[in-house]
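None of the figures in this text is laboratory data; all of them are computed from the coordinates on show. Please read these numbers as outputs of a predicted model, since none were measured by experiment. FYI the Cβ positions are ideal-geometry reconstructions off the backbone, even for glycines, and counts take in every protein chain you see.
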Amino acid sequence: MPDAPIRLLIAASGTGGHLFPAIAVAQQLPDYKIEWLGVPNRLEQELVPTQYPLHTIAIEGFQQRFGLGTLRIAGRLVSSLYQVGQLLKSGKFHGVFTTGGYIAGPAIIAARLLGVPVIIHESNALPGKVTRWFGPLCSTLALGFESASKYLPKGEKVWVGTPVRSNFLENQPLELPIPEDVPLIVVVGGSQGAIAVNQLVRQCAPAWFDAGAWIVHLTGEKDPDADSLEHPQYIQMPFYHNMAALLQRANLAISRAGAGTLTELATTQTPAILIPYPYAAEDHQAFNAASFVDSGAALVFRQSELTPQLLTSKVVHLLESPQILEQMAQKAASLAVTDSAERLATLVRELVV
């Protein structure tokens, strides 16, 4: 009789930055019996159920200030701890893998109370509160940025980079009507879009068109002015299904600085102008961007300081300086850890047996 498969619970929820790395790791473990822990009405509801059984718990992040909302959240945390504990016991899981975020809290605590090994992956250069609080309870803490180690307590920490979806590691055809010999600017604000960046880009776009550039502008689904600009060299849509192909073709990206996006830029060797989201928790996107700027792979501007005139001139200068873009592309490539998913899967195999 063959051995029963090893059972792994993956706790990853909310945004592509948490979900895509977790899915990439899961794909490296085809012999494991994997189930998923998420939250109702988040992105995992779309991405996970077709691949893995999905369990959900009602949990949310803690508020900055203590109040009635904090008490409600604390009550949900206690309830979610019980639910996750019951799930781990009834499912006879051998281990837990999480990519952080608030769902990681109950997953880590419940697992450790039951003696189940836990691996957490922190993708940001400045680790989130959950990672700083609960990371020491984990069997291993895997890091997307090597510099994140200095913000964490002593313990077992391994730098592995951040996994990307497998299609980023292969050349992808771009199914958009863009001439092959024109420079392409890709504007992306993350999985939710970025209205402030969208507004800036629309003001700058005429000068970029005059410089011969085409623009693919991913606006997100909540931009009230999404259809306000029309031009033969401008393609606007809420999102694009094949980001790998789009970034592989791009000469320059204008982007937020989420860890997942930066990993994709490095993997596709795409030079970038980064505009960190100013309201990100503890300004962590600025910390992410710093490593790309320090290496020469990107330029970074604070949203509050960036004017249409400044952004216009910086982009035009880069379009007129292909040697600078090539140098930036090479620096971006040097930051890529293309076997990150395999490294994380190896950690899982060493601990979850």
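Structural remarks
- Excluding exposed DSSP-loop trypsin sites (Lys or Arg not before Pro) (at most 14 other C-beta within 10 Å), longest clean stretch of the chain: 223-301
- Given the chain, longest segment not containing exposed loop chymotrypsin sites (Phe, Trp or Tyr not before Pro) (DSSP; at most 10 other Cβ within 10 Å): 67-278
- Förster-model FRET efficiency, 51 Å R0, Asp3 and Gln309, C-beta, rounded to 0.05: 0.20
- When the Cα convex hull of the range 168-335 is projected onto planes of every orientation, the mean area is 9.0 nm².
- In the structure shown, the pairs Lys150/Lys331; Lys129/Lys222; Lys157/Lys314; Lys157/Lys331 are assessed against 30 Å; a Cα-Cα span above that value is assigned to Lys157/Lys314.
- Counted residue by residue at 0.36 nm each, then reduced by the alpha carbon distance between them, the extension gain from His317 to Asp339 reaches 4.5 nm.
- Eligible lysines near Lys89 by straight Cα distance, threshold 25 Å, same-chain separation 8 or greater: Lys33
- Helical mean residue ellipticity (222 nm; -39500 (n - 2.57) per DSSP H run of 4+; nearest 500) of the chain: -12000 deg cm²/dmol
- One chain, two ends: Gln327 and Ala196. Fully extended at 0.36 nm per residue, the span grows by 44.3 nm beyond their Cα-Cα distance.
- For the listed peptides 113-123, 223-233, a ranking on the average number of other beta carbons within 10 Å per residue, highest first, reads 113-123, 223-233.
- Inter-part distance where the range 275-343 and the range 98-150 are each reduced to a Cα centre, Å: 27 Å
- Positive-end extreme of charge dipole, the chain - chosen from Ala244, Ile120, Phe134 (charges on Cβ): Phe134
- Calculated FRET efficiency for the pair Arg112/Asp210, C-beta based, R₀ 41 Å, to 0.05: 0.10
- Gain upon complete extension [Ser295, Ser149; 0.36 nm per residue less C-alpha separation]: 50.7 nm
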